[in-house]
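Worksheet for the structure shown next.
The values are calculated or read from the model by the stated rules, or taken from the named source; none is laboratory data. Owing to the predicted nature of the structure, the values given are computational and were not obtained by experimental measurement. Cβ atoms come from the backbone with ideal geometry, glycine included; neighbour counts cover every protein chain shown. Keep in mind that these areas ignore ligands, DNA and RNA; they rest on the heavy atoms of the full protein, side chains included. Shrake-Rupley method; radii C 1.70, N 1.55, O 1.52, S 1.80 Å.
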Amino acid sequence: MLPQDPMILLSYVNTKLRDRDRDLDAFCDREDADEAALCARLAQVGYAYDPQRNQFI
């Protein structure tokens, strides 16, 4: 289950992207998360996924 707080979610996702997953698709598959919903939640606090950096910035 993903964290509910958006800033904790951001930290959690970026850590997993850095340490474990090759891209956002792999993260969402492993976490059974809806990619569009995840991106929308983080966009609400001003972050977007950058595939070149493999992180939300």
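Working note: 222 nm ellipticity from helices only, DSSP H runs with n ≥ 4, each -39,500 (n - 2.57), summed and divided by the residues of the chain, gives -16000 deg cm²/dmol to the nearest 500. The fraction of all Cα pairs in the chain landing in successive 10 Å bins from 0 to the largest distance is 25, 67, 8, given as whole percents.
Tell me, which longest segment in the chain has none of the trypsin sites (Lys or Arg not before Pro) that fall in DSSP loops with at most 16 further Cβ atoms within 10 Å? Mind showing how you got there, number by number?
Details: sites that count: R20, R22, R53.
It runs 23-52.
In whole percent, how big is the carbon plus sulfur part of the accessible area of the chain, probe 1.4 Å, protein atoms only? If you can, show how the numbers build up before the last one.
Details: 1810 of 3800 Å².
Here it works out to 47 percent.
Surface exposure of the chain, expressed per residue as accessible area with a 1.4 Å probe, stands at 67 Å².
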